[in-house]
1. When you look at ARG197, is it more than 16 Å from the ligand (Cβ to nearest atom) and over 20 Å from ILE108 (Cα atoms), yes or no?
2. Contact list please: Cβ distance under 6 Å, first residue in segment 7-31 and farther than 16 Å from VAL66 by Cβ, second residue of a type in the set (Asp, Glu) and within 14 Å of the ligand (Cβ to nearest atom), pairs at least six apart or on different chains.
3. Step by step: first the residues of segment 96-120, then only those that are of a type in the set (D, E, K, R) and touching a residue at least 12 places away in the same chain (Cβ under 8 Å), then the one that is nearest to ALA228 (Cα to Cα). Which residue is that?
4. Could you tell me how many of the residues in segment 52-77 are in contact with a Ser or Thr (Cβ under 8 Å, 6 or more places away or on another chain) and closer than 10 Å to ALA12 by Cβ?
5. On the given criteria, is ALA103 away from the ligand (no atom under 12 Å from the Cβ), at pLDDT below 95 and either part of a helix (DSSP H, G or I) or of a type in the set (S, T, N, Q) (or both)?
6. Can you name every residue in segment 121-150 that is in contact (Cβ under 8 Å) with a residue 60 or more places away in the chain, out of contact with any helix residue (DSSP H, G or I) (no Cβ under 9 Å at 6 or more places or on another chain) and away from the ligand (no atom under 13 Å from the Cβ)?
7. Scan segment 177-201 for residues that are more than 17 Å from the chain's Cα centre (by Cα) and touching a residue at least 24 places away in the same chain (Cβ under 8 Å) and jot them down.
8. Among the residues of segment 143-171, how many are over 18 Å from the mean Cα position of the chain (by Cα) and not β-branched (Val, Ile, Thr)?
Amino acid sequence: TDSVLTVCITGAAGQIAYSLLPHLANGCIFGPTQRVALHLLEIAPALPALAGVAMELADGAYPLLVSVVQTSDPTVAFARADVAVLVGAFPRRAGMERKDLLAKNVPIFKAQAHALNTVANSGVRVLVVGNPANTNAMVLSSFAPSIPKKHISALTRLDHNRAVAEVARVAGVQAPSVDGVCIWGNHSSSQYPDVTRAVAAGKPVLPMLGGLENVAETFIPMIQKRGASVIKARGLSSAMSAATAIGDHLRSWLTGDSAVVSMAVPSDGSYGIKEGIFFSYPVRCLGAGEYEIVQGIEVDSFSRKYIEATAAELNAEREEALAVLA
Ligand code: NAX
């Protein structure tokens with residue numbers, strides 16, 4: 001039998017966690033025989049609500065869930081963690097600018113980096129979800145020197161899934177028949193959902209989407225603003241779909257995936273993106289928490305313009321984060 005996998009989730013009393021915890025406990029991510037210990041981190045004022053979530057986890061009677069820890073201490077939460085999903089973050093309030101959001105979140109991710117660096121298992125894989133996700137991951141990785149940068153990633157799989165789903169809808173196929181879609185850059189409205197090489201059931205999707213001009217006018221803004229559309233309709237941000245995407249990201253990353261998927265990872269110079277930021281690329285997951293950035297894609301001038309814009313935004317976020325730290 002497998003040994004117990006210790007999985008830490010921050011923001012564990014929040015709405016994404018509420019949708020995510022059943023996926024973490026029921027074997028659909030880590031495998032049907034993998035036992036799991038959940039370490040739940042919250043800020044102190046949310047601990048009473050977290051106790052209710054823990055009651056519900058107990059009441060799920062999950063065969064693979066061996067223990068649940070509730071804490072507001074990151075060094076307890078991250079102790080011996082094999083996987084850490086960092087969902088908790090300071091929320092964006094009305095009127096807050098990006099630099100205000102960074103000012104609140106940089107210290108959180110710096111502190112969590114120290115704790116992870118000290119008490120997590122040496123092979124820990126860290127997925128950052130809380131926004132601004134790419135830059136929070138960058139901050140985390142710079143303050144956790146004992147964790148290899150490639151063992152830290154940020155979530156753009158939700159954006160990827162949104163793009164795949166829309167292509168599938170237009171093409172009249174199911175999502176697994178869509179291939180070649182990817183998200184470049186930031187998990188923000190500057191992201192570039194790239195369908196220039198996408199196929200549905202083997203057929204190019206560009207003509208189905210009305211050609212490049214229509215993609216620029218309709219498809220790209222729709223995916224970029226999908227999160228805002230959900231907020232407008234639901235009065236709350238995406239949670240069910242975010243939790244599904246987190247599960248997909250972890251399953252691909254930890255167990256491998258024959259499909260090309262999107263993950264925000266430390267840039268390594270690929271496609272002219274300079275090092276020092278976390279950038280969403282098309283990646284191939286090789287299993288056991290290893291991946292490679294897909295190489296050799298011909299980036300045309302249409303795509304290049306979008307990729308440069310989202311890289312510029314991430315470089316600006318990096319400068320702002322460094323200013324907060326100075
Ligand atoms: P909620 O506000 O429902 O939950 C967040 C929870 O985090 C709260 O319970 C809060 O008490 C806790 N928290 C805050 N600071 C913490 C800290 N320092 N340590 C531990 N816990 C802390 O938000 P939810 O809807 O769950 O969204 C969570 C984050 O995900 C937000 O930052 C949101 O912007 C981000 N998202 C990122 C997505 C992505 O694709 N990367 C998509 C979905 C989502 O918008």
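The values are calculated or read from the model by the stated rules, or taken from the named source; none is laboratory data. All of these numbers come straight from a predicted model, not from anything done at the bench. As a convention, Cβ positions derive from the backbone with ideal geometry for all residues, glycine included, and neighbour counts pool all protein chains shown.
1. Details: more than 16 Å from the ligand (Cβ to nearest atom): yes; over 20 Å from ILE108 (Cα atoms): yes.
For ARG197, the condition - more than 16 Å from the ligand (Cβ to nearest atom) and over 20 Å from ILE108 (Cα atoms) - is met.
2. Matching pairs, first to second residue: ALA12/GLU42; ALA13/GLU42.
3. Restricting attention to segment 96-120, the residues satisfying the condition of being of a type in the set (D, E, K, R) are 97-100, 104, 110.
Filter again for touching a residue at least 12 places away in the same chain (Cβ under 8 Å), leaving 98-99, 104, 110.
On the way: ARG98: 16, LYS99: 20, LYS104: 21, LYS110: 28 Å.
Filtering first and then ranking leaves ARG98.
4. Total meeting the criteria: 1.
5. Numbers: away from the ligand (no atom under 12 Å from the Cβ): yes; at pLDDT below 95: yes; either part of a helix (DSSP H, G or I) or of a type in the set (S, T, N, Q) (or both): yes.
The answer is yes for ALA103.
6. Residues satisfying the conditions are ASN121, LYS150.
7. Just the residues of segment 177-201 that are more than 17 Å from the chain's Cα centre (by Cα), to begin with: 177-180, 194-201.
Correct list: SER177, VAL178, ASP179, GLY180, ASP194, VAL195, THR196, ARG197, ALA198, ALA200, ALA201.
8. Adding up the residues that qualify gives 8.
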